[in-house]
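The values are calculated or read from the model by the stated rules, or taken from the named source; none is laboratory data. Note that this is a predicted model, so its numbers are computed, not measured. Because the Cβ atoms are built from the backbone with ideal geometry, glycine has one as well, and the counts that use them run over all protein chains shown. Ligands, DNA and RNA are excluded from the accessible area calculation, which covers all protein heavy atoms including side chains. Shrake-Rupley method; radii C 1.70, N 1.55, O 1.52, S 1.80 Å.
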Amino acid sequence: TLDRSSAASDVYKRQIEYGAAKQDQFLYVVDRNGLVTAMLDQGTDVALLWQQPINLAPTGSINITENYLLVSAASTTAQSVISLDRASSQKMWQFNADQLGSSLQRPTAGHQMVYVGGRYLWAVDLYTGAEVWRFTDLPGVSAPPIYDWPGITTLAELFVADEGNGVRLLDANTGKQKWYTAAIGRVTGMALDST
């Protein structure tokens, strides 16, 4: 049997390099070795729900959408996005990006799509992990993209910072570029205001 209290306290000893994800009373972390841990926040204590190895080292924070946990991860030969069921920890799908070099950013979710940047920008189906489109006309992605719905120029928009110190707006459904602007320097994070 698993001693849940000691297992939960063991999470504090693990090397966690990326931010946790939280929804309602549930907290999710991934350690540097790729062990995903789900915990229940009980106010003054935390209870371990499950642990699931993904067998790859994470390259960004976990993201939550619907009933899915999304984790970007890598090995020396693969760059991937892995989808886990939040309740059962079961792996739902794994998308393998055909790239070498730059690590994948934290996945961004928008309705039925997952967007992940690295050397290119990919859009994959939230439910199957199948590639829907990819945008290759950029020198790499420097920050996780931002999804906006409803958009100003299209129904769904995606703001993308690139390694050439630029910011682009793409149609989130098709990957078609709407505009490009040069930034002052390298963009490592973005935020979007609703006003």
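Near ASP148, once Lys and Arg are set to +1 and Asp and Glu to -1 for all other residues with Cβ below 14 Å from its Cβ, the sum equals -1.
Scanning residues 5 or more positions from LEU49 or on other chains, those with amide H under 5 Å from its amide H are ALA38, MET39, LEU40, with H placed 1.01 Å from N in the peptide plane.
Estimated at 0.36 nm per residue, the fully extended path between SER89 and THR77 surpasses their Cα-Cα distance by 1.9 nm. Computed on protein heavy atoms with a 1.4 Å probe, the accessible areas place SER194, SER61 in the order SER194, SER61, largest first. The stretch 123-195 and the stretch 66-97 have their alpha-carbon centroids 21 Å apart.
Normalised by the number of residues in the stretch 69-195, the mean separation of alpha-carbon contacts (under 8 Å, six or more apart) gives a relative contact order of 15 percent.
Which residue, ASN96, ASN33, ASN67, tops the fluctuation ranking in a GNM of the chain built on C-alpha contacts under 10 Å? Of ASN96, ASN33, ASN67, the most mobile in the Gaussian network model is ASN67. Our summary of shape: the Cα atoms of the chain have principal axis extents of 56, 39, 33 Å, ordered from largest down, in whole angstrom.
Among the GluC sites (Glu not before Pro) within the stretch 105-178, those in coil by DSSP and having at most 16 neighbouring Cβ atoms inside 10 Å are GLU163. Using a probe of 1.4 angstrom, how much of the accessible area of the chain is carbon and sulfur, in percent? In the chain, the share of accessible area belonging to carbon and sulfur is 49 percent. What's the longest uninterrupted piece of the chain once you rule out the trypsin sites (Lys or Arg not before Pro) that are loop residues per DSSP with at most 16 other Cβ within 10 Å? Answer from the scan: 33-175.
Among residues other than SER194 whose Cβ falls under 14 Å from its Cβ, what is the net charge (Lys/Arg +1, Asp/Glu -1)? Residues near SER194 contribute -3 overall.
Within the listed set ALA109, ALA38, ALA78, the residue fluctuating most in the Gaussian network model of the chain (springs between alpha-carbon atoms under 10 angstrom) is ALA78.
Computed from phi, the 3J(HN,Hα) profile of the stretch 183-192 under the Karplus parametrisation 6.51, -1.76, 1.60 (θ = phi - 60°) reads 9, 6, x, 5, 8, 10, x, 9, 9, 10 Hz, with x in place of Gly and Pro. Compute the signed sum of charges (Lys and Arg +1, Asp and Glu -1) over the other residues within less than 12 Å, Cβ to Cβ, of TYR68. Summing Lys and Arg as +1 and Asp and Glu as -1 gives -1. The calculated pair-distance distribution of the stretch 43-96 uses every alpha carbon pair, bins of 5 angstrom beginning at 0, and gives 4, 19, 27, 23, 14, 7, 3, 1, 0 percent.
Only helices enter this figure: runs of n ≥ 4 DSSP H residues, each worth -39500 (n - 2.57), summed and divided by the residues of the chain, yield -1000 deg cm²/dmol at 222 nm to the nearest 500.
Of THR65, THR128, THR76, the residue with the greatest mean-square motion in the GNM of the chain, using alpha carbon springs below 10 Å, is THR76.
Annotation: amide H of TYR68 within the under-5 Å range of ARG86, sequence separation 5 or more or interchain, hydrogens built in the peptide plane. Average accessible surface for the chain: 50 Å² per residue, computed with a 1.4 Å probe over protein heavy atoms with every protein chain in place.
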